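The values are calculated or read from the model by the stated rules, or taken from the named source; none is laboratory data. Small disclaimer: the values here were computed from a predicted structure and weren't measured. Glycine also receives a Cβ, built like all others from the backbone with ideal geometry; neighbour counts cover every protein chain displayed.
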Amino acid sequence: MGLLPRLPGIALSLLDGLADLLYPRICLSCGCDADSSDPLVCARCWSLVKKMGAGICLRCGAPSAAPVERCGSCAGRRLHFSFARGAAAYEGPVRELIARLKFDRVSAAAVPLGKLVASEIESWAVHDRPEILVPVPSSPSAFMRRGYNQADLIAGEAGRIAAIKCAPALARRRGVRSQVGLGREERLRNPENTMSVRRPDLVRGLKVCVVDDVMTTAATVSECSRALVDAGAACVCAVAAARQ
């Protein structure tokens, strides 16, 4: 009789082992066998992830030799967020995960990226932590091509881990050019007046955090922040899984 209660657990272990044999857990970054502790990213790739650290611009989150209030990238620009941060540098495994998510339609890559975003948010001071996460919306054509909005998946996973509500409150106006392949000046101008808030009731009076996959000039998250502030958000910050 004492063995009977243990049988379901033993059976599950055997099924897990069989599943690993039939469907090996492969690291989404390097393609090697993943570890049992993380079925999506191996320990080696996690060790190669470069966190942004203290050497950043305290306003836009751009890499800097030392902490600065405003950097050469954002000085003189009107930014609509209170601060922006990147969870990790856009290189190595993080860059590969984002490529898998955006261009190979591997939606599972959003899980480790969301984990990075959640870790970044949880490192902030209590008064900086948001009450709601709002993903940067994708264009209709990008959504049709992928079948999902990658920022939405990242924000959803980050919100699940950090216990923060996530809502797709923003919409992107049609006819907007993609930022991919544009030069710096074009990247700064391209997002202007392209975002609107479709559900102001979701953000009114709240501390909002805009979530994106990659942040380069911070122009897109600034435009998102403008729309959210205009819709009545109490304050807006931004975070991306990776920062260039």
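Within region 199-216, track down each residue that is surrounded by fewer than 24 Cβ atoms within 10 Å (Cβ to Cβ) and more than 10 Å from the chain's Cα centre (by Cα).
The first filter runs over region 199-216 and keeps only residues surrounded by fewer than 24 Cβ atoms within 10 Å (Cβ to Cβ), leaving 199-202, 204-207, 214, 216.
If the condition is that a residue be surrounded by fewer than 24 Cβ atoms within 10 Å (Cβ to Cβ) and more than 10 Å from the chain's Cα centre (by Cα), then R199, P200, D201, L202, R204, G205, L206, K207, T216 are the ones that fit.
Which one is surrounded by the fewest Cβ atoms within 10 Å (Cβ to Cβ), of the residues in region 217-231 that are within 17 Å of V197 (Cα to Cα) and within 14 Å of the chain's Cα centre (by Cα)?
Here the residue is T220.
Inspect region 225-240 for any residue being under 30 Å from L97 (Cα atoms), of a type in the set (S, T, N, Q) and either modelled with pLDDT under 95 or in a loop (DSSP other than H, G, I, E, B) (or both) and give the result as yes or no.
no
Pairs only if they're at least six apart or on different chains, beta carbon under 9 angstrom, first in region 125-147 and at pLDDT 95 or above, second of a type in the set (G, A, S) and part of a strand (DSSP E or B); list them, first residue then second.
Listed pairs, sorted by first residue: V136/A238; V136/A240; P137/A171.
Inspect region 162-184 for any residue being surrounded by fewer than 12 Cβ atoms within 10 Å (Cβ to Cβ) and modelled with pLDDT of 90 or more and give the result as yes or no.
Among the residues of region 162-184, at least one is surrounded by fewer than 12 Cβ atoms within 10 Å (Cβ to Cβ) and modelled with pLDDT of 90 or more, which makes the answer yes.
When the residues of region 129-153 are narrowed to those that are over 20 Å from C235 (Cβ atoms) and of a type in the set (D, E, K, R), which ends up surrounded by the fewest Cβ atoms within 10 Å (Cβ to Cβ)?
R145
Anything in region 64-91 that is surrounded by fewer than 17 Cβ atoms within 10 Å (Cβ to Cβ), out of contact with any Cys (no Cβ under 6 Å at 6 or more places or on another chain) and either under 28 Å from R226 (Cβ atoms) or small (G, A, S) (or both)? List them, or say none.
A65, A66, P67, E69, R70, G72, A75, G76, R77, R78
Modelled with pLDDT of 95 or more, in contact with a strand residue (DSSP E or B) (Cβ under 6 Å, 6 or more places away or on another chain) and not hydroxyl-bearing (S, T, Y): does that describe R95? Even if it seems obvious, please write down each step before you answer.
Values: modelled with pLDDT of 95 or more: yes; in contact with a strand residue (DSSP E or B) (Cβ under 6 Å, 6 or more places away or on another chain): no; not hydroxyl-bearing (S, T, Y): yes.
Considered against the rule, which asks whether it is modelled with pLDDT of 95 or more, in contact with a strand residue (DSSP E or B) (Cβ under 6 Å, 6 or more places away or on another chain) and not hydroxyl-bearing (S, T, Y), R95 comes out as no.
Answer with yes or no whether P63 is under 12 Å from P112 (Cβ atoms) and of a type outside the set (K, R).
no
Being of a type outside the set (F, W, Y), surrounded by 18 or more Cβ atoms within 10 Å (Cβ to Cβ) and within 23 Å of C235 (Cβ to Cβ) is true for just one of V126, V117, V94, V111. Which residue is that?
Just one listed residue meets the conditions, V117.
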